[in-house]
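The values are calculated or read from the model by the stated rules, or taken from the named source; none is laboratory data. All values reported here derive from a predicted model rather than from experimental measurement. Because the Cβ atoms are built from the backbone with ideal geometry, glycine has one as well, and the counts that use them run over all protein chains shown.
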Amino acid sequence: MVFKYDLAQFIPFRDAEECARVRAIKKEDVTKHQNPDFKIRIIEDAHEFYTEFALDIVGRIKKALDEDRRFVGIFPVGPMSQYDIAAKIINRFKISMKHVHTFNMDEYADQNGNAAPLEWAGSFQRAMIESFFWKVDESLRPPLSQIHFPTKNNLQAYGKMIEDSGGADVCYGGIGWCGHIAFWEAHLGDEFRDDLESYKKAGPRLVELHPMTIMQNALHSFGGDWSWVPPKAYTIGPAQILAAKDRSFWLDGQLGGGMSWQRFIARLVAHGTVNVYVPGSILQTVPGTYTLLGGVAENVEIRMA
């Protein structure tokens, strides 16, 4: 029996036929893409996944050091496990990070636009400091003045700060449940509609978080407590992601019991129509890598508990 129904009204991307098409993409086909410069791969083992991510970070930092030039990177909070591995490699081989300038993709904010402070356990500043920078030996760390986060005070200048640093060598990231990149949310598409070119030029802003993002972040960072997730965030825009010299996105959204919240959105972002309601879909239009943890790449199927 066929059971047909509309998508829930709060979902910004509403093309049910396109959703069905990408849902049907099998694991063995998920790495195939018409853009040869948009390289999709699967890493089955979690330890290998995070180690490869860490090696990518360290490799780029070391290459810039060897070439006696500045390294500028845009970094996410999520995935996170790669940072501990990267710090250990940096310490073991005594790789200086004095030439490193980092710009985080985003930071939580309250309803009035006040950015989450370093002292708050859920802040991205604290996550990066504790999970990465402060795990690096003090003699090797970059100065705090070279570690940046978007806030109320620097929002208007944040994009130019990246440009003035020489432009990002790489933009790292993940994909949100609604398809967001950084905290550039799916519902922001309402502002641009069919104007994809203007969308690609949009820069940093303060954003009201989409309900799917609130629920996703409650699951993986706040013990399932959606009341604990801040309502807004500061974020870079598509312009900063596309302007980077390279893009390296890593999807590790697995849950227990063989489940993954990221299986469908990973496919919609990588294989769906490029559009303003699936922010990550713009990654298809430029060179970059898109790495899936094995469980994320598995087929999208109904599984009743």
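Overview of results
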| read-out | value |
| --- | --- |
| Count - residues of the range 165-210 that are within 17 Å of Ala109 (Cβ to Cβ) and either modelled with pLDDT under 95 or not β-branched (Val, Ile, Thr) (or both) | 15 |
| Segments classed as helices (runs of 4 or more DSSP H), wholly inside the range 116-222, with at least 1 members that are surrounded by fewer than 21 Cβ atoms within 10 Å (Cβ to Cβ) and either at positive phi or of a type in the set (A, V, I, L, M) (or both) | 124-131, 155-164, 196-200, 211-221 |
| Extreme residue, nearest to Ile236 (Cα to Cα), among residues of the range 78-96 that are surrounded by fewer than 22 Cβ atoms within 10 Å (Cβ to Cβ) and hydrophobic (A, V, I, L, M, F, W, C) | Met80 |
| Residue that is nearest to Gly253 (Cα to Cα), among those in the range 278-289 that are surrounded by fewer than 24 Cβ atoms within 10 Å (Cβ to Cβ) and not β-branched (Val, Ile, Thr) | Ser281 |
| Condition check for Asn153: at pLDDT 95 or above, over 25 Å from Leu251 (Cβ atoms) and in contact with an Asp or Glu (Cβ under 8 Å, 6 or more places away or on another chain) | no |
| Pair list, Cβ < 7 Å and 6+ apart or interchain, from the range 35-48 residues that are closer than 8 Å to Thr289 by Cα to residues that are of a type in the set (A, V, I, L, M, F, W, C) and not in a strand (DSSP E or B) | Phe38/Leu283; Ile40/Val30; Ile40/Ala270 |
| Answer from Glu163, Glu119 - the residue that is in contact (Cβ under 8 Å) with a residue 40 or more places away in the chain and either farther than 17 Å from Ile90 by Cβ or touching a helix residue (DSSP H, G or I) at 6+ places or on another chain (Cβ under 9 Å) (or both) | Glu163 |
